[in-house]
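Here's the structure we're looking at; comments come further down.
The values are calculated or read from the model by the stated rules, or taken from the named source; none is laboratory data. The structure displayed is predicted, hence computed values, not measured ones. Please note: Cβ atoms are built from the backbone with ideal geometry, for glycine as well, and neighbour counts cover all protein chains shown. Note: areas computed on protein heavy atoms with side chains; ligands, DNA, RNA excluded. Shrake-Rupley method; radii C 1.70, N 1.55, O 1.52, S 1.80 Å.
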Amino acid sequence: MPAIPVWWYLMVATGLFSIGLYATLTRRNAVNVLMGVELMLNAVNLNAVALWRYASPTVSATVDGQSVQLLSTLDGQVFAIFVIALAAAEAAVGLALIIAVYRSRRTVELEQLDMLQG
Amino acid sequence: MSPLLLQQIAFMVLAAISLSGAWGVIRAHSVFVSALWLILSFVGVAGLYVMLEAGFLAVIQVLVYVGAISVLILFAIMLTEDVMGQAEPASQWPLAVLIVLPFFGMLAKAAFTADWQLSAGSVAPPEGASISAETAKLVTTAIPAEQGFRLPGQVVMLGRSLMTEHLLAFEVVAVVLLVALVGAIVIARD
């Protein structure tokens, strides 16, 4: 029995995701909305790594005469690394867009960005 | 104190750090302070990665999120507005609470009740999933299973995994990063 049940991690991830969702839904400032998205991505990563650690198949191996149980894959971590890389790309492009919008409109309030409204 | 209890206390502290950081993001009264709380939350999540024996990921988290993305966000704030300006009151918050609370309840119930098929030593090795003695040597040097496996071996395994079975995704992400880099420069300059 591991010291920490897996659902503790899942609960933390759920809390992070919900707070991120709330920030994304309520904030008017575009930068704040982006922060909410980052929080949600963090929650997803935490979930992936927790389930990788607790629920991926194990392999028995004998090393130096001792029998050990190894996790047979690192897929959860690989997934998290890809998510982090894409989050970095998303943050760079998103913030560049915010700066470009600020140049032309002098605001980053999402409610005032209504150029496409008929 | 038993190591078990110590682990649980460490988990509680790290979870409190990451959740209070996230709470600070939505409660802070200026965008700049929000960003600082966000950094705290990222650090807490990095600590949770360490607890999950994903040390390399914790380092990546600190480098990319705490180091790069936070600085990017702080720069964006400083380039776009009056840094210490008052944040506007959150709009439409009752509606958002109405969406977020049931969502949270649903996920929490799922996390609590689902049968996760945990592999805590009970799963038989999958067919054909054998690892070479050489790899096993890298992964662990006689560390019993319940103590987990060593970090350096894990990093080697991770590198191999990226360059073999996940090679296509790895290359695609590399191209996406390059395009995002060029695109961000093109968009941000006049």
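Note down the net charge around A:Val49, summing +1 for each Lys or Arg and -1 for each Asp or Glu among other residues with Cβ under 11 Å from its Cβ.
Result for the local shell: -1.
Rounded to the nearest angstrom and ordered from largest down, what semi-axes does the equivalent ellipsoid of the range B:1-85 get from its C-alpha gyration tensor (root of 5λ)?
Equivalent-ellipsoid dimensions as semi-axes: 29, 15, 6 Å.
If you count, for every residue in A:79-85, the Cβ atoms of partner chains within 10 Å of its Cβ, what is the mean? Numbers along the way, then the final one.
Details: counts 2, 5, 12, 7, 1, 8, 9.
Mean shielding by partner chains, rounded to a whole number: 6.
Per residue of A:109-116, what is the mean number of Cβ atoms on other protein chains within 10 angstrom of that residue's Cβ?
Across the residues of A:109-116, the mean count of other-chain Cβ atoms within 10 Å is 1.
Using a probe radius of 1.4 Å on protein heavy atoms only, what is the accessible area buried between chains A and B, both sides summed, to the nearest 100 Å²?
Answer for the A-B pair: about 8100 Å² buried.
Across peptide B:38-44, what mean number of C-beta atoms from other chains lies inside 10 Å of a residue's C-beta?
For this peptide, the per-residue mean of nearby foreign Cβ atoms is 3.
Could you calculate the FRET efficiency of A:Glu109 with B:Ala169 from 1/(1 + (r/R0)^6), where r is the beta carbon distance between them and R0 is 45 Å, rounded to 0.05?
That pair, A:Glu109 with B:Ala169, gives E of 0.75.
Below 8 Å, C-alpha to C-alpha, sequence gap of six or more: please give me the relative contact order for chain A in percent. Don't skip to the end; give the middle numbers.
On the way: 113 pairs, mean separation 28.3, N = 118.
Computed over chain A, the figure is 24 percent.
Just to verify a number: FRET efficiency for B:Leu98 and B:Leu177, C-beta to C-beta distance, R0 = 22 Å, to 0.05?
That gives a FRET efficiency of 0.05.
With the contact rule set at Cα under 8 Å and sequence spacing of 6 or more, what percent relative contact order holds for the range B:1-85?
Normalised by residue count, the contact order of the range B:1-85 is 29 percent.
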